[in-house]
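Structure first, then comments.
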Amino acid sequence: MLTPAILLRNATAAFLLGMLLLVFYRMLTGGIRLAGLAHERDATGRLVYSPARLQLMLVSIVAAAQYFVQVLQHPAVLPKLPPVDTLTLSGLGGSQLLYLAFKAWAAYQARTFRP
């Protein structure tokens, strides 16, 4: 039997899936530009590849995907969200710390080695 709660859950899932498909479609067709996503400007203003930015993006995507799967695997705890795993938080914190360390080092180099 379709209760209002089940109907609402299915409508929400359909809406989220539709938004996900729309975003992927726009990425594939160029509606959402991804050029330069893993690049940043150096001290001279040139766009350079940033491994720190790439690792931050990948770790964030993996952590979000893991949490999304965790939410899907435990629908009984809804409407509350399950707690975030300590390992996931540590990984995200370490990733942020690494990114900020790279940014601080780049800022230090830009100040120290000006021509």
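Structure values in brief
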read-out: Unmet requirement for Leu72, which otherwise passes all of (1) surrounded by 10 or more Cβ atoms within 10 Å (Cβ to Cβ); (2) of a type in the set (A, V, I, L, M, F, W, C); (3) over 30 Å from Ala110 (Cα atoms); value: (1)
read-out: Residue count, the stretch 50-107 (criterion: in a loop (DSSP other than H, G, I, E, B) and over 30 Å from Leu8 (Cα atoms)); value: 1
read-out: Lys80, sole failed condition from (1) surrounded by 10 or more Cβ atoms within 10 Å (Cβ to Cβ); (2) over 15 Å from the mean Cα position of the chain (by Cα); (3) of a type outside the set (A, V, I, L, M); value: (1)
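For (1) loosely packed, with under 14 Cβ neighbours inside 10 Å; (2) over 17 Å from Gly93 (Cα atoms); (3) touching a Pro at 6+ places or on another chain (Cβ under 7 Å), each residue gets a yes or a no:
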| residue | (1), (2), (3) |
| --- | --- |
| Phe24 | yes, yes, no |
| Gly31 | yes, yes, no |
| Ala38 | no, yes, no |
| Asp42 | yes, yes, no |
| Val48 | yes, yes, no |
| Arg53 | no, no, no |
| Met57 | no, no, no |
| Ala63 | no, no, no |
| Gln66 | no, no, no |
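Yes/no per residue for (1) in the same structural domain as Pro79 (by TED's automatic domain parsing); (2) β-branched (Val, Ile, Thr); (3) part of a loop (DSSP other than H, G, I, E, B); (4) on the phi > 0 side of the Ramachandran plot:
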| site | (1), (2), (3), (4) |
| --- | --- |
| Ala5 | no, no, no, no |
| Asn10 | no, no, no, no |
| Ala13 | no, no, no, no |
| Leu17 | no, no, no, no |
| Phe24 | no, no, no, no |
| Met27 | no, no, no, no |
| Gly45 | yes, no, yes, yes |
| Val48 | yes, yes, no, no |
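Conditions tested, residue by residue: (1) touching a strand residue (DSSP E or B) at 6+ places or on another chain (Cβ under 6 Å); (2) without any contact (Cβ under 8 Å) to a residue 60 or more places away in the chain.
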position: Gly31; (1), (2): no, yes
position: Asp42; (1), (2): yes, no
position: Pro51; (1), (2): no, yes
position: Ile61; (1), (2): no, yes
position: Pro82; (1), (2): no, yes
position: Gly94; (1), (2): no, yes
position: Ala107; (1), (2): no, yes
position: Ala110; (1), (2): no, no
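The values are calculated or read from the model by the stated rules, or taken from the named source; none is laboratory data. As the structure is a computational prediction, the values presented were derived from the model and not from experiment. Virtual Cβ from ideal backbone geometry, glycine too; neighbours counted across all protein chains shown.
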